[in-house]
1. In the stretch 224-305, which helices (runs of 4 or more DSSP H) lie fully inside it and hold 1 or more residues that are away from the ligand (no atom under 15 Å from the Cβ) and surrounded by fewer than 20 Cβ atoms within 10 Å (Cβ to Cβ)?
2. Would you say GLU369 is over 14 Å from ALA96 (Cα atoms) and acidic (Asp, Glu)?
3. Filtering the stretch 182-199 down to residues that are at pLDDT 95 or above and not polar (S, T, N, Q), which residue is surrounded by the fewest Cβ atoms within 10 Å (Cβ to Cβ)?
4. In the stretch 404-421, is there at least one residue being over 26 Å from SER249 (Cβ atoms) and away from the ligand (no atom under 16 Å from the Cβ)?
5. Can you spot a residue in the stretch 365-386 that is in contact with a Gly (Cβ under 9 Å, 6 or more places away or on another chain) and open to solvent by less than 10 Å² (accessible area, probe 1.4 Å)?
6. State all residues of the stretch 206-223 that are open to solvent by less than 60 Å² (accessible area, probe 1.4 Å) and more than 27 Å from PHE72 (Cβ to Cβ); if no residue qualifies, say none.
7. Which one of ALA24, ALA79, ALA87, ALA70 is open to solvent by 50 Å² or more (accessible area, probe 1.4 Å) and either of a type outside the set (D, E, K, R) or not in a loop (DSSP other than H, G, I, E, B) (or both)?
8. Conditions first: (1) farther than 26 Å from GLU132 by Cβ; (2) in contact with a strand residue (DSSP E or B) (Cβ under 9 Å, 6 or more places away or on another chain). ARG246 passes all but one, so which condition is the exception?
Amino acid sequence: MRYISTRGQAPVLSFEEVVLTGMASDGGLYVPETIPQLSHEDLAAMAGLSYAEIAFRVMKPYVNGEIDDATFRGIVEEAYATFSHDAVVPLNQLDANHFLLELFHGPTLAFKDVALQLLGRLLDHFLGKRGERAVIMGATSGDTGSAAIEGCRHCDNLDIFILHPYQRVSEVQRRQMTTVLADNVFNVAIEGNFDDAQAMVKASFADQAFLNGARLVAVNSINWARIMAQIVYYVASAVALGAPHRPVSFCVPSANFGNLFAGYMAHRMGLPVTQFIIATNANDILHRTLADNDFSKRELVATLAPSMDIVVSSNFERLLFEAYDRDGDAVRALLERFQNEPAALADAPLAKLRERFASHRVDDATLLEVIREAHHRTKELLDPHTATGYRAAERARSDARTPMITLATAHPAKFAEAVVKAGFSGVPLPAHMEDLLEREERYTVLPAELAAVQRFVAENRR
Ligand SMILES: *Cc1c(COP(=O)(O)O)cnc(C)c1O
């Protein structure tokens, strides 16, 4: 298995190279050259297996023998042993035919743990094999930063520097990052906003001279290994509900589209899926594209589901590549136009997407209603992202007989603000995090100056 770019002009890479690489040099994203197939028998044989074993079987063809089976199995088992539920990602039945797939039992209470617990260990493995070390830099407004830190805290060959805007991250989210006291974890509070932090990370990737030759790695959602890890829970949940003998549908609260694209890959590998529903908040580029063929940027809106606040859905490019029958030239032309002006999809690829994808947008006012309504009907307290999915699943599902699986992307305690706004008194943290507000914190406050941040990284990396 090799990996090619969605824009057709970057070098073809091995699995190891694709794990260590972020964006392709032609501006595209890496995807597998061919899509491995899970036969009816392969899927049927997964019934009753542990999550780690299903993960091993689903991901093995992508790893392509570049890690021996015993080592890879060990990496997978270790990654998912960090989850607090024995099922790793349990299904919770809400009513006759609507299920929540709880992806929030990892160390930071959101679904990004599923991918980042694996990615950190894969990076560490390949770096160790090469005798190299690497620096990870990222900016966060809350969510991804903590999942990346938890994924890397035990990695000998990685130093991680996460920038967050000083005093502009909720206390729970800050503490999930700053109470990790490992020697290779560096939290930097920037005296500025998220965009300042983001701009400094971008500038550091563009000119890496300050690192004196050390490798800089990104762990954002365009990394192929993150998609690969997320394919697994689509397969595992569908098998638990009767796949391959019975098809299912999925509804996914979406932003950069990495999560939903993984579901689409599971389907292309052979999983019977009737429908995918894309749930968005007011930042609705995916909904506008699918419903109105309006593929254009709009100004960012700050919502009560902040992890879905985006202008551009970076991983949507991977779906476009498939919709355009893997024509890299057509994808490049479309994305280049989209950079500068409103764009539209050609008729045939759009029609193809509409056969299996639907979409629904939920604004903040509706969201609060949905949290109350879902609690009244099911006794579940949904986090605001999951609530968006819950509503979209009910409004956009094409048939009531196919089981609907809505992905619960975060624990409500992580986004208590919206839950309190909806009229609830608050949400207790799960038992293993009860003492989060008493734990010791460590972080460094720096001015929003690129030179100061780069000096800090250069002096502290090991
Ligand atoms: C990141 C995130 C999302 C969006 O996922 P994408 O893969 O970017 O579409 C949704 N909900 C939560 C809680 C998240 O952290």
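The values are calculated or read from the model by the stated rules, or taken from the named source; none is laboratory data. What you see is a predicted model; the values in this text were computed from it and never measured. No Cβ is skipped: glycine too gets one built from the backbone with ideal geometry, and neighbour counts run over all protein chains shown. Side chains are part of the model used for accessible areas, which takes the heavy atoms of the whole protein and leaves out ligands, DNA and RNA. Shrake-Rupley method; radii C 1.70, N 1.55, O 1.52, S 1.80 Å.
1. Working: elements: 224-240, 258-269, 285-292.
Passing ranges, in order: 258-269, 285-292.
2. Working: over 14 Å from ALA96 (Cα atoms): yes; acidic (Asp, Glu): yes.
Against the criterion (over 14 Å from ALA96 (Cα atoms) and acidic (Asp, Glu)), GLU369 qualifies.
3. So the first thing to find is which residues in the stretch 182-199 are at pLDDT 95 or above, and the list is 182-191.
Right, trim to not polar (S, T, N, Q) and you get 182-183, 185-186, 188-191.
Numbers: ALA182: 15, ASP183: 9, VAL185: 23, PHE186: 22, VAL188: 22, ALA189: 21, ILE190: 25, GLU191: 14.
Only one residue fits best here, namely ASP183.
4. yes
5. Initial filter on the stretch 365-386 (in contact with a Gly (Cβ under 9 Å, 6 or more places away or on another chain)): 368, 371-372, 382.
Next cut, open to solvent by less than 10 Å² (accessible area, probe 1.4 Å) only: 371, 382.
Checked the stretch 365-386: at least one residue is in contact with a Gly (Cβ under 9 Å, 6 or more places away or on another chain) and open to solvent by less than 10 Å² (accessible area, probe 1.4 Å).
6. Step one: filter the stretch 206-223 for residues open to solvent by less than 60 Å² (accessible area, probe 1.4 Å), giving 210-211, 214, 216-219, 221-223.
Those that are open to solvent by less than 60 Å² (accessible area, probe 1.4 Å) and more than 27 Å from PHE72 (Cβ to Cβ): PHE210, LEU211.
7. Details: ALA24 fails: open to solvent by 50 Å² or more (accessible area, probe 1.4 Å); ALA79 fails: open to solvent by 50 Å² or more (accessible area, probe 1.4 Å); ALA87 fails: open to solvent by 50 Å² or more (accessible area, probe 1.4 Å).
The unique qualifying residue is ALA70.
8. In the conditions (1) farther than 26 Å from GLU132 by Cβ; (2) in contact with a strand residue (DSSP E or B) (Cβ under 9 Å, 6 or more places away or on another chain), ARG246 misses (2) alone.
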